[in-house]
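A short worksheet on the structure shown next.
The values are calculated or read from the model by the stated rules, or taken from the named source; none is laboratory data. Quantities reported herein were computed from a predicted structural model and do not represent experimental measurements. Quick reminder, even Gly has a Cβ in these numbers, built from the backbone with ideal geometry, and neighbours come from all protein chains shown. Heavy atoms of the whole protein, side chains included, go into the accessibility calculation; ligands, DNA and RNA do not. Shrake-Rupley method; radii C 1.70, N 1.55, O 1.52, S 1.80 Å.
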Amino acid sequence: MTKKNLIPHRSILATGLLSIFLTGCATFSADGGLDNVSAMTKERTGQDVRFSKPTSDTSSTTSDAVSQLLAKPLTPDTAVQIALANNKSLQASFAELGVAEADRVQAGRIRNPSFSFGRMRGGEDVEIERSVMFDLLGIVTMPFRSGIENRRFEQAKLQAASQAVQLAADTRRAYFNAVAAEQTAKYMEQVQAAADAGAELSQRLARVGNVSKLDQAREQVFYADATAQVARARHNATAAREQLTRLLGLWGKNTAFTLPDRLPDLPKAPTEMSNAEQLAMEQRLDIQMSKRDAHATASALGLTKATRFINVLDAGYTNKSETGAPRANGYEIELELPIFDWSGARTAKAEALYMQSVYRTADLAVRARSQVREAYSAYRTTYDLAKHYQSEVVPLRKKISDEVLLRYNGMLASVFELLSDARDQVSSVNAAIEAQRDFWIAETDLQAAINGTGGGNVQIRSAAPSEAGAAEH
């Protein structure tokens with residue numbers, strides 16, 4: 001008769017205590033890392049973020065806070081606030097935090113022990129073998145692996161904050177584009193109404209022979225061109241509004257949000273920034289991510305070298321029972337022998353990855369400094385241009401119009417001179433709107449170049465889209 005011996009209670013207790021100790025070393029955080037992400041985002045945008053869990057109620061598309069913000073005309077800040085709270089792509093990126101934290105917690109826990117059981121029978125003899133194996137190398141290297149995953153979790157926080165800051169910048173750009181496009185569309189509708197009146201007047205005068213065919217053709221082509229410009233302006237306004245709508249994460253009735261009639265006024269003076277490059281080196285999230293990546297790669301290289309020759313080491317308790325013989329207790333060790341693979345390729349790869357991350361960080365720093373200088377140049381130039389149109393070009397155009405109107409009232413100028421002056425104003429007004437829009441976009445890009453992951457390139461135009469057409473008249 002065979003007697004099956006069990007593992008002693010003392011060994012079971014020790015194994016249980018060890019498991020409890022090891023599994024208790026790494027736990028999930030209460031906020032999932034989102035508090036740090038929100039703090040970094042608020043520091044750079046003035047708005048915090050939060051993770052919204054999806055609900056089964058698909059009819060509810062926005063929270064009460066977002067609905068209250070949509071009830072009033074949007075401002076740049078409220079648009080950013082809505083986007084950070086309601087953009088589904090951003091919310092999806094926050095789920096990456098959970099993946100990174102799960103990897104961090106997993107790295108702080110030992111691999112489950114393996115249990116083996118064998119039973120052999122030969123005639124009346126029965127032999128039973130039992131063993132419990134633990135990953136000793138995993139226990140030894142746990143602090144290294146936990147450190148690596150902790151750094152990766154911190155990097156995931158930076159990545160999430162970077163995406164939030166990028167969304168805020170994209171939303172501000174889309175907001176200014178949408179407001180400027182609607183402002184231009186409304187102005188072009190006024191131009192079309194004036195052109196319609198001029199064309200009708202020229203037709204009436206032509207019937208009584210008081211206008212030349214040349215003047216009549218000019219008024220007709222101006223009206224035709226104004227009609228085309230209105231159609232183009234309306235589409236541009238729709239496209240810009242839809243771009244903003246997508247970033248805000250809105251659909252259905254919530255897309256009927258209200259925008260102001262005009263762009264915000266220019267500041268009294270531009271911001272002087274003598275330390276923009278230094279601020280970028282300290283605050284840019286992509287630079288911080290690159291530095292952390294280099295440190296994480298260096299730590300991984302250290303782990304690779306530490307486990308170069310011994311990368312599989314298991315040990316555990318074992319006992320053996322045989323019929324007619326006392327039970328034998330002992331231990332068992334499994335070790336991978338570096339006979340064919342000495343891990344030279346693995347170490348060389350880790351070293352190459354580390355050098356790659358170092359040079360990428362250096363390259364990113366060079367490009368970041370250049371982007372900040374370019375963004376600040378665009379900021380100052382667009383401010384000077386917008387201020388020039390506001391204080392010089394538009395007032396001069398108004399003065400010319402007033403003088404032409406006085407001459408018309410004194411019968412010293414014809415009605416067609418008055419209409420011709422109105423045509424000349426179109427290009428100046430459109431250029432002034434675009435210059436003001438470009439300034440606010442350049443200001444957004446400057447902040448993104450300092451705090452985020454780089455700004456866009458503001459194209460400073462030499463003329464408004466309708467200026468070339470106006471010059472023909």
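State all residues of segment 221-275 that are of a type in the set (Ser, Thr, Tyr) and farther than 30 Å from Arg369 by Cα; if no residue qualifies, say none.
So in segment 221-275, the residues of a type in the set (Ser, Thr, Tyr) come out as 223, 227, 238, 245, 255, 258, 271, 274.
Correct list: Tyr223, Thr227, Thr238, Thr245, Thr255, Thr258.
Go through segment 241-266 and count every residue that is part of a loop (DSSP other than H, G, I, E, B), surrounded by fewer than 12 Cβ atoms within 10 Å (Cβ to Cβ) and touching a residue at least 24 places away in the same chain (Cβ under 8 Å). So that I can check it myself, show each step before the final result.
Initially, segment 241-266 is screened for residues part of a loop (DSSP other than H, G, I, E, B), giving 249-251, 256-266.
Narrowing the set further to residues that are surrounded by fewer than 12 Cβ atoms within 10 Å (Cβ to Cβ) leaves 251, 256, 258, 261, 265.
Add one more test, that the residue is touching a residue at least 24 places away in the same chain (Cβ under 8 Å), and what stays is 251, 258, 261.
Residues in segment 241-266 being part of a loop (DSSP other than H, G, I, E, B), surrounded by fewer than 12 Cβ atoms within 10 Å (Cβ to Cβ) and touching a residue at least 24 places away in the same chain (Cβ under 8 Å): 3 in total.
Scan Ser131, Ser93 and give me the residue that is in contact with a strand residue (DSSP E or B) (Cβ under 7 Å, 6 or more places away or on another chain), modelled with pLDDT of 75 or more and open to solvent by less than 30 Å² (accessible area, probe 1.4 Å).
Values: Ser93 fails: in contact with a strand residue (DSSP E or B) (Cβ under 7 Å, 6 or more places away or on another chain).
Unique residue meeting the criteria: Ser131.
Testing Thr23 on (1) surrounded by 12 or more Cβ atoms within 10 Å (Cβ to Cβ); (2) modelled with pLDDT of 75 or more, one condition comes back false. Which one is that?
(2)
Taking segment 341-400 as the search range and keeping residues that are assigned to a helix (DSSP H, G or I) and among the acidic types (Asp, Glu), which one is modelled with the highest pLDDT?
Step by step, filter segment 341-400, then rank; the result is Asp384.
Here's a check for you: in segment 188-211, which residue that is open to solvent by 70 Å² or more (accessible area, probe 1.4 Å) and modelled with pLDDT of 80 or more is nearest to Val80 (Cα to Cα)?
Glu189
Report whether or not Gly32 is touching a Leu at 6+ places or on another chain (Cβ under 7 Å), modelled with pLDDT of 75 or more, open to solvent by less than 40 Å² (accessible area, probe 1.4 Å) and closer than 27 Å to Ile148 by Cβ. Give the derivation first.
Details: touching a Leu at 6+ places or on another chain (Cβ under 7 Å): yes; modelled with pLDDT of 75 or more: yes; open to solvent by less than 40 Å² (accessible area, probe 1.4 Å): yes; closer than 27 Å to Ile148 by Cβ: yes.
Yes.
Any residue at all in segment 269-286 that is open to solvent by less than 20 Å² (accessible area, probe 1.4 Å) and assigned to a loop (DSSP other than H, G, I, E, B)?
Scanning segment 269-286, I find at least one residue that is open to solvent by less than 20 Å² (accessible area, probe 1.4 Å) and assigned to a loop (DSSP other than H, G, I, E, B), so the answer is yes.
Among the residues of segment 126-159, how many are over 30 Å from Ser116 (Cβ atoms) and in contact with a Leu (Cβ under 6 Å, 6 or more places away or on another chain)?
Matching residues across segment 126-159 total 2.
Given the criteria touching a helix residue (DSSP H, G or I) at 6+ places or on another chain (Cβ under 9 Å) and open to solvent by 20 Å² or more (accessible area, probe 1.4 Å), does Thr238 qualify? Give the derivation first.
Working: touching a helix residue (DSSP H, G or I) at 6+ places or on another chain (Cβ under 9 Å): yes; open to solvent by 20 Å² or more (accessible area, probe 1.4 Å): yes.
Judged against the criteria, Thr238 is a match.
If Phe117 satisfies all but one of (1) free of Cβ contacts under 8 Å to residues at least 24 places away in the same chain; (2) crowded, with 21+ Cβ neighbours inside 10 Å, what's the number of the condition it fails?
(2)
Out of Thr227, Thr184, Thr238, I need the residue that is in a helix (DSSP H, G or I) and either at positive phi or within 24 Å of the chain's Cα centre (by Cα) (or both). Which one?
Numbers: Thr227 fails: either at positive phi or within 24 Å of the chain's Cα centre (by Cα) (or both); Thr184 fails: either at positive phi or within 24 Å of the chain's Cα centre (by Cα) (or both).
The unique qualifying residue is Thr238.
Being touching a Gly at 6+ places or on another chain (Cβ under 7 Å), at pLDDT 75 or above and open to solvent by 30 Å² or more (accessible area, probe 1.4 Å), is that true of even one residue in segment 297-309? Spell out the reasoning first.
Taking segment 297-309 as the starting set, the residues that turn out to be touching a Gly at 6+ places or on another chain (Cβ under 7 Å) are 299.
After this cut, where a residue has to be at pLDDT 75 or above as well, the list is none.
Within segment 297-309, not a single residue is touching a Gly at 6+ places or on another chain (Cβ under 7 Å), at pLDDT 75 or above and open to solvent by 30 Å² or more (accessible area, probe 1.4 Å).
Test Ala65 against the stated conditions and say whether it is part of a helix (DSSP H, G or I) and farther than 22 Å from Glu242 by Cα.
Working: part of a helix (DSSP H, G or I): yes; farther than 22 Å from Glu242 by Cα: no.
Taking the combined requirement at face value, the residue does not satisfy it.
List, please: which pairs have Cβ atoms under 7 Å, are six or more places apart or on different chains, and start with a residue in segment 92-107 that is within 15 Å of Leu34 (Cβ to Cβ) and end with one that is surrounded by 15 or more Cβ atoms within 10 Å (Cβ to Cβ) and among the aromatic types (Phe, Trp, Tyr)?
Phe94/Phe51; Ala100/Phe153; Glu101/Phe153; Arg104/Phe153
So for segment 438-458 (the condition being over 30 Å from Ala368 (Cα atoms), open to solvent by 70 Å² or more (accessible area, probe 1.4 Å) and modelled with pLDDT under 80), does at least one residue qualify? Talk me through it step by step, then tell me what you get.
At the first step, the residues of segment 438-458 found to be over 30 Å from Ala368 (Cα atoms) are none.
Scanning segment 438-458, I find no residue that is over 30 Å from Ala368 (Cα atoms), open to solvent by 70 Å² or more (accessible area, probe 1.4 Å) and modelled with pLDDT under 80, so the answer is no.
I'm trying to understand the selection: among the residues of segment 212-235, which are open to solvent by 50 Å² or more (accessible area, probe 1.4 Å) and acidic (Asp, Glu)?
Matches in segment 212-235: Asp225 only.
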